[in-house]
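Below is one structure; the comments refer to it alone.
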Amino acid sequence: MRLTNLTRRTEIGANSYLLEIAGRQLLLDAGMHPKAEGEEATPAFHLLPEALDAIVLSHAHQDHLGSLPLAMRRGDGPVFMTEATQLLSDVMLHNSVNIMTRIREEKGQPNYPLFTHREVEKSVRRWETRALRKPFGLRDGDDDVTIEFHDAGHILGSVGTMIRGEGRSVFYTGDVNLEDQTVSRAADFPETGVDVLVMETTRGDSPTPAGYTREAEANRLIDAINAAFERGGCALVPLFALGKTQEMLVLFHLMRRAGRLPAVPIYIGGLSTKLTEIHDRLAGRSRRFHEDLQILDEVAPFVLAGKSLGQTEVKPRRLYAMSSGMMTEKTGSNVLARSILDQPQHSILFVGYSDPASPAGVLRATEEGAEVVLDGDHPPKKLHCEVEAYTFSAHATRESLRQYVNRLKPKKVLLVHGDPPAVEWFKGVLSQDLPATEVVVPLPGVPLEL
């Protein structure tokens with residue numbers, strides 16, 4: 001039994017892992033790097049065997065999903081996921097084709113798109129959905145290797161995956177949150193019976209501030225939105241279309257109902273609308289808070305997309321909950337930010353992680369009054385609007401993950417999905433906490449015997 005980390009570097013990138021167990025070849029996730037292009041944006045698929053026995057998808061975020069059609073070219077094995085992930089991934093992959101096509105047209109990227117709408121449509125036909133906590137084999141009658149999904153609490157449909165074979169067990173967390181969010185409930189993970197734990201480390205370099213609570217952070221955010229309205233401005237909240245948008249829309253709804261937020265118009269993007277429709281469709285069939293809440297009906301957001309986005313005049317007392325969360329060039333949040341960042345009455349309020357090299361990260365690092373460029377096709381502007389950041393991460397805190405591993409006491413821990421400082425923090429504390437447990441950072445491309 002062995003695992004090969006196909007992510008090209010020790011980082012949060014194109015996440016993908018090859019697990020060889022009981023003579024079977026399983027691929028865990030097939031992501032695409034959000035900051036790279038072409039082949040460099042994909043996992044090291046040249047290391048894969050000619051044929052895979054199965055692919056397991058943990059959730060529908062692009063850094064775990066985006067290269068799935070490429071991985072599926074390796075044979076005709078099944079692709080397993082939850083029902084929610086199936087519906088979300090269909091939308092996300094078609095959107096990815098649109099983005100790659102635009103990059104080809106704007107930047108002359110000759111290899112784009114890496115796959116087509118037609119290939120996505122064909123891929124979907126091979127996807128097989130499975131329920132939580134119900135073990136299943138790779139094929140009918142084949143029980144040499146079994147798989148079992150556990151709710152990961154990260155986004156709708158996200159799972160941790162238990163794989164059993166050769167008398168041993170491997171548990172892959174995928175992206176996980178061990179605490180409740182506004183909509184998503186905390187992960188429901190196994191507490192015993194794990195020999196090898198393959199664990200994400202996203203927040204390993206981010207200690208939780210003393211006294212932090214999600215409720216207090218929500219109140220801080222709402223206070224900042226109201227302050228912008230009182231100044232005669234608007235509030236722009238850059239959001240990831242999948243997960244963060246739905247969490248924030250429900251938070252805004254609850255705050256409206258509590259009288260903390262006025263009933264101002266709320267705007268979202270076209271992709272966010274499609275993904276929220278899926279959340280509403282599955283509201284009564286998913287493990288979430290507010291099961292009866294139909295988000296689009298209750299919040300009634302307006303949609304800004306395409307030509308309407310470029311022609312939009314930003315108005316006071318409006319709440320723009322626009323993607324992308326990183327404010328990537330040409331996205332709704334980037335377009336709107338460029339129109340307001342030099343006006344002091346407005347606010348840009350971040351509620352998630354921003355890569356330092358992204359337009360969002362650049363803006364957050366810019367001092368008031370300094371010039372900033374958010375899109376290279378447009379001239380710089382001086383920053384005069386208010387810029388603040390809040391913590392509503394969908395990833396587990398490093399403290400809660402540390403506690404989980406200490407309860408689980410696996411024989412081996414493999415640390416993945418984290419930048420080097422985050423990985424090293426976990427390696428140090430877990431080696432100290434559990435001297436009988438082997439703690440390993442899998443080197444990219446190097447098979448690791450388990």
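The values are calculated or read from the model by the stated rules, or taken from the named source; none is laboratory data. Small disclaimer: the values here were computed from a predicted structure and weren't measured. Counting neighbours? That spans all protein chains shown, and the Cβs are built from the backbone with ideal geometry, glycine included. Ligands, DNA and RNA are stripped out before the accessible areas are found, and what is left, the full protein with its side chains, is counted by its heavy atoms. Shrake-Rupley method; radii C 1.70, N 1.55, O 1.52, S 1.80 Å.
Brief remarks follow.
- Summed over region 58-82, the residues that are touching a residue at least 60 places away in the same chain (Cβ under 8 Å) and not in a loop (DSSP other than H, G, I, E, B) give a count of 3.
- The listed residue being part of a helix (DSSP H, G or I), out of contact with any strand residue (DSSP E or B) (no Cβ under 7 Å at 6 or more places or on another chain) and buried (at least 24 other Cβ atoms within 10 Å of the Cβ), out of THR85, THR101: THR85
- Unmet criterion (only one of (1) β-branched (Val, Ile, Thr); (2) buried (at least 19 other Cβ atoms within 10 Å of the Cβ); (3) in contact (Cβ under 8 Å) with a residue 60 or more places away in the chain; (4) within 30 Å of GLU40 (Cβ to Cβ)) for VAL183: (4)
- Residue match in region 372-381 (condition: surrounded by fewer than 19 Cβ atoms within 10 Å (Cβ to Cβ) and either under 15 Å from LEU430 (Cα atoms) or in contact with a Phe, Trp or Tyr (Cβ under 6 Å, 6 or more places away or on another chain) (or both)): no
- Some residue of region 335-345 being assigned to a helix (DSSP H, G or I), buried (at least 23 other Cβ atoms within 10 Å of the Cβ) and not hydroxyl-bearing (Ser, Thr, Tyr): yes
- For region 284-315, a residue qualifies if it is open to solvent by less than 90 Å² (accessible area, probe 1.4 Å) and either closer than 13 Å to HIS253 by Cβ or among the polar types (S, T, N, Q) (or both), and the qualifying residues are SER286, PHE289, HIS290, LEU293, GLN294, ILE295, LEU296, VAL299, ALA300, PRO301, SER308, THR312.
- Residues that are farther than 26 Å from THR276 by Cβ and not in a strand (DSSP E or B), drawn from region 128-165: ARG133, LYS134, PRO135, ASP140, GLY141
- Filter pass, LEU271 being hydrophobic (A, V, I, L, M, F, W, C), at pLDDT below 95 and either open to solvent by 20 Å² or more (accessible area, probe 1.4 Å) or touching a strand residue (DSSP E or B) at 6+ places or on another chain (Cβ under 9 Å) (or both): no
- With respect to the stated conditions, HIS61 fails to be modelled with pLDDT of 95 or more and more than 20 Å from the chain's Cα centre (by Cα).
- Some residue of region 37-57 being in a loop (DSSP other than H, G, I, E, B), touching a helix residue (DSSP H, G or I) at 6+ places or on another chain (Cβ under 8 Å), modelled with pLDDT under 95 and surrounded by fewer than 24 Cβ atoms within 10 Å (Cβ to Cβ): yes
- Any pair with Cβ under 8 angstrom, 6 or more apart, that starts in region 105-120 at a residue that is β-branched (Val, Ile, Thr) and ends at one that is open to solvent by less than 70 Å² (accessible area, probe 1.4 Å) and modelled with pLDDT of 90 or more: THR116/VAL97; VAL120/PRO69; VAL120/ASP90; VAL120/LEU93; VAL120/HIS94; VAL120/VAL97
- Residue under evaluation GLY193, criteria (1) over 19 Å from the mean Cα position of the chain (by Cα); (2) open to solvent by less than 40 Å² (accessible area, probe 1.4 Å); (3) not basic (Lys, Arg), criterion not met: (2)
- Any hit, region 224-239, residues being among the aliphatic types (A, V, I, L, M), over 27 Å from ASP151 (Cβ atoms), in contact with a helix residue (DSSP H, G or I) (Cβ under 7 Å, 6 or more places away or on another chain) and at pLDDT 95 or above: yes
- Scan of region 225-248 for residues that are farther than 14 Å from PRO344 by Cα, open to solvent by less than 10 Å² (accessible area, probe 1.4 Å) and hydrophobic (A, V, I, L, M, F, W, C), ordered by number: VAL237, LEU239, LEU242, MET248
- Checklist (1) closer than 26 Å to LEU138 by Cβ; (2) open to solvent by less than 10 Å² (accessible area, probe 1.4 Å); (3) out of contact with any strand residue (DSSP E or B) (no Cβ under 8 Å at 6 or more places or on another chain); (4) not in a loop (DSSP other than H, G, I, E, B) applied to LEU27, failing item: (3)
- Selection status of THR276, under 30 Å from ASN95 (Cβ atoms), free of Cβ contacts under 8 Å to residues at least 40 places away in the same chain and buried (at least 21 other Cβ atoms within 10 Å of the Cβ): yes
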